[in-house]
Amino acid sequence: YPWDKSSLKSMPVDLQQFEKLDAYALKVNVKNSVEELVKTLLKQARTDLEKVRAIWMWICHHIEYDVVGYHNKSQLSSKPIDVLQTGKSICEGYAGLFEKMCSIAGVQCMKLSGYSKGYGYKMGQTFRGDSDHAWNAVYLDGRWHLLDSTWGSGAVDDSFTKFTFRYNEFYFLTHPALFINNHFPDNSNWQLLKPTLTLKDFENNMLHNSNFYMLGLLTAHPETAVIQTVNGKASVSVDCRSATLFTFKLKGTDEHGLMTLKKHGMKLDIYPQKTGSHKLQIFAKPSKASEDVYNCVLEYVVECKSVDKAMCFPKDLHQPVGPSWFTERQGFLRPSHPNPIIHTNDGRCSVTFTLGKDISVLASLHCDNSSLTEDMRRRHIMQIHRGNQIELKIHLPHAGNFVLKIYAKKKSDPGNYDYIFNYLITCLNTEVKWPAFPQSYSKWVEDYEILEPLSGLLPANRNVQFKLKMHGIAKVLVQAENTYPLTQSRGYWEGTCNTSGCREVFVMVHENANHSFYSHVLKYEVESQ
């Protein structure tokens, strides 16, 4: 039956109601006979569902996967009593013991076999010959349900030499539409699906491991494991129930992609910078998770025929890119640019946000192989505050791909700024060559504003018009070769200054008419003759 995305199970199960039963089943320690074991387990189980649960819990926590036996099957017995007494087996033994215990408990149970996408599975591989896995179906409440106690019990390591008990709830009464993702029964009726999948579908379909569903993820596109690039680009998207954080790795790094977080998922565009086959892994964690552990939820193979060199991103670009629900939580609201990439033709752009309370912002500009120092690049960004709005005005020093990084902290916090997010700014116009903004000093207050001159480099031997928005001061002077006072009208300080005969121009303010003390607030350079 189709999956309605509401439950991972094929029948309503309240795990909290099982807590007592689960705890009891874990403690049962009977090894002499299967009948005795079942009799002891059933002391706490009334319904068929409870009986199956008790058997499931016991097997998942007491039978370990026999990695040695797997490599040497001739020595291996899968008889239920042998599995019970040695405490280890391979899938055949798990499923056989399960079936035997259910039949003693009076619950209908079948042992099923088929292909699985388990240990050693390679993406996009075909399945031939004998089946490689076994699991069970149990009959509860008038219909059949699927479970896999081998995969419920734990996992083997990559070299297949060590088994670790790691209980996995996912494989208990898994919804058939999810179980088919990595279990293909020899008899297609046991898919419990209409219409059934063909083996070809099973081979081509994306493998979602149990993490995918346990983290509340719903669907992923594309649904096939191998993706071909189109004009050097491949795209993947994931839909999920609640706020989830994602990362990715393409051939082990996150450099050649652009990932954006969406309210219900994420979108990723990949631009491999080499042709050939690349492994793409996608990781996720709930936004509430305290520890920084991302689980792998998807794996693709990206086959790249041609490279889009224009989409070679600066190495400082940090994933995810652009604003999202996450940056909103950090106090950056109503972004003027909701997209991760800002294209500018004339090398200028302006990004605005409404800021949450008590937030101080720091922004920096990064670019590969730039001759400018970081301090100098930072002067290509100007912050303008109007009430709770912030504008970041950007004048690029040259063409290319830039990263605009945005940091923030609480104004009341003495500590460092925390990185919040970044944009990619692209400019192809090679004529672009904007000078930096003037240098500002600590007395330049957050909500002051420069209307002109915006360029930190003034022409030589010229009259330059000044217009500044400042409040709460008594006098403003512009100091060049001579000193020029600005006059105040309607909240603006205006006037002209002549740049001849000097290399630097300073704007100074007199905070109090009774003092003779001036503070520097801005510094401009003057072009050399």
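Going by what's in this entry, would F332 be described as assigned by the TED database to the domain that holds H366, in contact with a Phe, Trp or Tyr (Cβ under 6 Å, 6 or more places away or on another chain) and open to solvent by less than 70 Å² (accessible area, probe 1.4 Å)?
Considered against the rule, which asks whether it is assigned by the TED database to the domain that holds H366, in contact with a Phe, Trp or Tyr (Cβ under 6 Å, 6 or more places away or on another chain) and open to solvent by less than 70 Å² (accessible area, probe 1.4 Å), F332 comes out as yes.
Could you list, in sequence order, all residues of the range 176-194 that are open to solvent by less than 10 Å² (accessible area, probe 1.4 Å) and touching a residue at least 60 places away in the same chain (Cβ under 8 Å)?
Within the range 176-194, P176, L178, N182, H183, P185 qualify.
Within the range 463-478, can you find the residues that are open to solvent by 10 Å² or more (accessible area, probe 1.4 Å), hydrophobic (A, V, I, L, M, F, W, C) and in contact with a Cys (Cβ under 9 Å, 6 or more places away or on another chain)?
Within the range 463-478, V464 is the sole residue that qualifies.
When you scan the range 339-386, how many residues do you find that are surrounded by fewer than 17 Cβ atoms within 10 Å (Cβ to Cβ), touching a residue at least 12 places away in the same chain (Cβ under 8 Å) and farther than 14 Å from L404 by Cβ?
12
Would you call S516 over 30 Å from C349 (Cβ atoms) and touching a residue at least 40 places away in the same chain (Cβ under 8 Å)?
No.
Does any residue of the range 369-382 turn out to be among the small types (G, A, S) and either closer than 24 Å to R329 by Cβ or within 28 Å of the chain's Cα centre (by Cα) (or both)?
no
Looking at the range 201-215, which of its residues are open to solvent by 40 Å² or more (accessible area, probe 1.4 Å), in a helix (DSSP H, G or I) and touching a residue at least 40 places away in the same chain (Cβ under 8 Å)?
Correct list: N204, N211, M214.
Kindly indicate whether any position in the range 447-455 is within 27 Å of I390 (Cα to Cα) and under 37 Å from the mean Cα position of the chain (by Cα).
The answer is yes, given that some residue of the range 447-455 is within 27 Å of I390 (Cα to Cα) and under 37 Å from the mean Cα position of the chain (by Cα).
Can you name the residue in the range 387-405 that is over 21 Å from L454 (Cβ atoms) and touching a strand residue (DSSP E or B) at 6+ places or on another chain (Cβ under 6 Å) and is also most open to solvent (accessible area, probe 1.4 Å) among such residues?
Only one residue tops the list, namely N388.
Among the residues that make up the range 13-22, is at least one of them in a loop (DSSP other than H, G, I, E, B), touching a helix residue (DSSP H, G or I) at 6+ places or on another chain (Cβ under 9 Å) and surrounded by 13 or more Cβ atoms within 10 Å (Cβ to Cβ)?
yes
The rows are residues; the columns are (1) over 30 Å from K309 (Cβ atoms); (2) surrounded by fewer than 18 Cβ atoms within 10 Å (Cβ to Cβ).
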| position | (1), (2) |
| --- | --- |
| T196 | yes, yes |
| L199 | yes, yes |
| H221 | no, yes |
| I227 | no, no |
| A234 | no, no |
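Just checking, how many residues over the range 247-275 are outside any loop (DSSP other than H, G, I, E, B) and open to solvent by less than 30 Å² (accessible area, probe 1.4 Å)?
Total meeting the criteria: 12.
For (1) hydroxyl-bearing (S, T, Y); (2) touching a residue at least 24 places away in the same chain (Cβ under 8 Å), each residue gets a yes or a no:
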| position | (1), (2) |
| --- | --- |
| W56 | no, yes |
| V67 | no, yes |
| K73 | no, no |
| S103 | yes, no |
| G106 | no, yes |
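The values are calculated or read from the model by the stated rules, or taken from the named source; none is laboratory data. The structure presented is a predicted model; accordingly, all values stated were derived computationally and were not measured. Methodologically, a virtual Cβ is constructed for each residue, glycine included, from the backbone with ideal geometry; neighbour enumeration extends over all protein chains shown. What goes into the accessible areas is simple: the full protein's heavy atoms, side chains included, and nothing from ligands, DNA or RNA. Shrake-Rupley method; radii C 1.70, N 1.55, O 1.52, S 1.80 Å.
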